[in-house]
Amino acid sequence: MGSEPPVRAGAVLDIDLGAIAENWRSLAALAAPAECAAVVKADAYGLGMEPVSKALAQAGCRIFFVASLDEGIALRRLHPQPIEIAVFNGPLPGTAREFPAFGLSPVLNDPGQFEDWALVASSKGALPALFHLDTGMARLGFSLREFDAFIARGLSNSMPWRGFISHLACADDPGHPQNDEQKQRFTAARARFPACTASLAASCGIFLGRDYHFDLVRPGAALYGVNPQSGNSNPMRPVARLKARIVQVREVDRGARVGYGAAHLMARPGRLAIAAVGYGDGWPRSMSPRGCARIGGKRVPVIGRISMDLSTFDVSAVDPSLARPGAFIDLLDEEYGVDRAAADAGTIGYEILTALGRRYHRIYRGFEG
Ligand SMILES: *Cc1c(COP(=O)(O)O)cnc(C)c1O
């Protein structure tokens, strides 16, 4: 985890754990008195579950969410109790017994998962479950009808449970009427279980206001620097920086065709830098016509198609002493972060982060674990 990349590193992903911890603290302060969990699914959104979860635990986070049982087991191996770990996808058929074995709380998403869980809920080490109520997204969760039947049968008293969650479908759009509809359904459900922990908001939901906070908020993306308030300036600190080394610099003539498919035609003579990053690293191919990078702060456009291991940039306007083999070209930095890269690639910051590849040389800074 040294802070200088070795000379052989073709591309370097630099992750600021101090910024992640600071983002968690600022979200926790915004949500207080609600508690603030951290979502570390998908390898902490591509940034590394181990270093990220350790930094968050040290910052004071006590509740972690992952998507799958495998992720829960991996996280539990890194953190002995008393950190709570809840698994969004709940028990797949045949897996309920593994939750007590690893000290994991399942999120129960439908009556089938509930039935599976009921068989192991009283076993040694079984932690109280969370219930997921679908308030209008039609992804995971008990439907309101199933939830009513569940209550009518008194099942909720038959085992210990920790609380219930729901998930907002449109929280990235503060003006969307579905936010308020989902909140109202959630509030009505919550009124029946005032003693249980209730959790509705993920990153964007936290910014919809106090009445979305309930008892527990569950940010993921905002911890990692994605803007939770699209359209406004980003209140979160940037976390991921990415740079790739230039492998070759070449002069090309007017009329030269560049890259696969001869997709770019040089309208004038120029100088190109070929950098060691491509879609094999998770740098999206869809970045090809719009993306850019920076050298010494100067913007350099992507030229032609991004290939598996290489991307080509027009560096005609850059001082040749900066654009030379072995020099770095900045792909993600303070000015051009995950949200801007996502916009240029036609996706969202979440996908840019979770696609970040295994091939990067990774530097973790800002935290001594
Ligand atoms: C992924 C996820 C979150 C975290 O969402 P962000 O938008 O990344 O903050 C919270 N709750 C559920 C149910 C999720 O699936």
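Cβ-Cβ below 7 Å, separation at least six or inter-chain, first residue in the stretch 207-232 and open to solvent by 40 Å² or more (accessible area, probe 1.4 Å) and polar (S, T, N, Q), second modelled with pLDDT of 95 or more and away from the ligand (no atom under 13 Å from the Cβ): which pairs?
Gln229/Pro235
Among what's in the stretch 137-150 and is aromatic (Phe, Trp, Tyr) and under 29 Å from Asp172 (Cα atoms), pick the residue that is modelled with the lowest pLDDT.
Looking at residues that are aromatic (Phe, Trp, Tyr) and under 29 Å from Asp172 (Cα atoms), I get Phe147.
What residue, of Gly90, Gly72, is closer than 30 Å to Pro177 by Cβ and touching a helix residue (DSSP H, G or I) at 6+ places or on another chain (Cβ under 7 Å)?
Gly90 is the lone residue from the list that is closer than 30 Å to Pro177 by Cβ and touching a helix residue (DSSP H, G or I) at 6+ places or on another chain (Cβ under 7 Å).
Where residues in the stretch 199-244 are within 11 Å of the ligand (Cβ to nearest atom) and part of a strand (DSSP E or B), which of them is nearest to Tyr45 (Cα to Cα)?
Here the answer is Val217.
From Leu56, Leu69, Leu92, Leu75, grab the single residue that is open to solvent by less than 20 Å² (accessible area, probe 1.4 Å), of a type outside the set (Val, Ile, Thr), free of Cβ contacts under 8 Å to residues at least 40 places away in the same chain and farther than 30 Å from Ala275 by Cβ.
Residue meeting the stated conditions: Leu75.
For the stretch 43-69, give me each residue that is in a helix (DSSP H, G or I), more than 19 Å from Ala222 (Cβ to Cβ) and within 16 Å of the ligand (Cβ to nearest atom).
Hit for the stretch 43-69 is Leu69, nothing else.
Which condition number does Pro82 fail, the rest of (1) farther than 19 Å from Arg218 by Cβ; (2) at pLDDT below 95; (3) surrounded by fewer than 16 Cβ atoms within 10 Å (Cβ to Cβ) being met?
Unmet condition: (1).
Keeping to the stretch 151-200, report how many residues are surrounded by 19 or more Cβ atoms within 10 Å (Cβ to Cβ), of a type in the set (D, E, K, R) and modelled with pLDDT of 95 or more.
Residues that pass the stated criteria total 2.
Return a yes/no flag: does the stretch 32-42 have any residue that is among the β-branched types (Val, Ile, Thr), within 13 Å of the ligand (Cβ to nearest atom) and in contact (Cβ under 8 Å) with a residue 40 or more places away in the chain.
yes
Which of the following residues is open to solvent by less than 50 Å² (accessible area, probe 1.4 Å) and either in the same structural domain as Gly337 (by TED's automatic domain parsing) or not polar (S, T, N, Q) (or both): Ala262, Ala267? Working first, answer last.
Numbers: Ala267 fails: open to solvent by less than 50 Å² (accessible area, probe 1.4 Å).
None of the other options fit; the residue is Ala262.
Against the condition open to solvent by 60 Å² or more (accessible area, probe 1.4 Å) and out of contact with any Lys or Arg (no Cβ under 7 Å at 6 or more places or on another chain), how does Arg299 come out, does it pass?
Spelling it out, Arg299 is indeed open to solvent by 60 Å² or more (accessible area, probe 1.4 Å) and out of contact with any Lys or Arg (no Cβ under 7 Å at 6 or more places or on another chain).
Considering the stretch 73-123 alone, what residues qualify as being closer than 15 Å to Ala37 by Cβ and of a type in the set (A, V, I, L, M, F, W, C)?
Leu75, Ile83, Ile85, Ala86, Val87, Phe88, Leu104, Val107
Condition first: surrounded by fewer than 22 Cβ atoms within 10 Å (Cβ to Cβ), free of Cβ contacts under 8 Å to residues at least 60 places away in the same chain and closer than 22 Å to Ala9 by Cβ. Now tell me which residues in the stretch 279-290 satisfy that.
Tyr279
Report the residue count in the stretch 304-313 for those that are under 16 Å from Lys243 (Cα atoms) and open to solvent by less than 40 Å² (accessible area, probe 1.4 Å).
Selection size over the stretch 304-313: 4.
When only residues in the stretch 239-256 that are open to solvent by 70 Å² or more (accessible area, probe 1.4 Å) and touching a residue at least 40 places away in the same chain (Cβ under 8 Å) count, which is nearest to Met308 (Cα to Cα)?
That would be Val247.
Can you find a residue that is touching a strand residue (DSSP E or B) at 6+ places or on another chain (Cβ under 7 Å), closer than 19 Å to Ala273 by Cβ and open to solvent by 40 Å² or more (accessible area, probe 1.4 Å) anywhere in the stretch 339-346?
Taking every residue of the stretch 339-346 in turn, none turns out to be touching a strand residue (DSSP E or B) at 6+ places or on another chain (Cβ under 7 Å), closer than 19 Å to Ala273 by Cβ and open to solvent by 40 Å² or more (accessible area, probe 1.4 Å).
The values are calculated or read from the model by the stated rules, or taken from the named source; none is laboratory data. None of these values were measured; they are calculated from a predicted model. Note that each Cβ is placed from the backbone with ideal geometry, even for glycine, and that neighbours are counted across all protein chains shown. The area values use the complete protein model at the heavy-atom level, side chains included, leaving out ligands, DNA and RNA. Shrake-Rupley method; radii C 1.70, N 1.55, O 1.52, S 1.80 Å.
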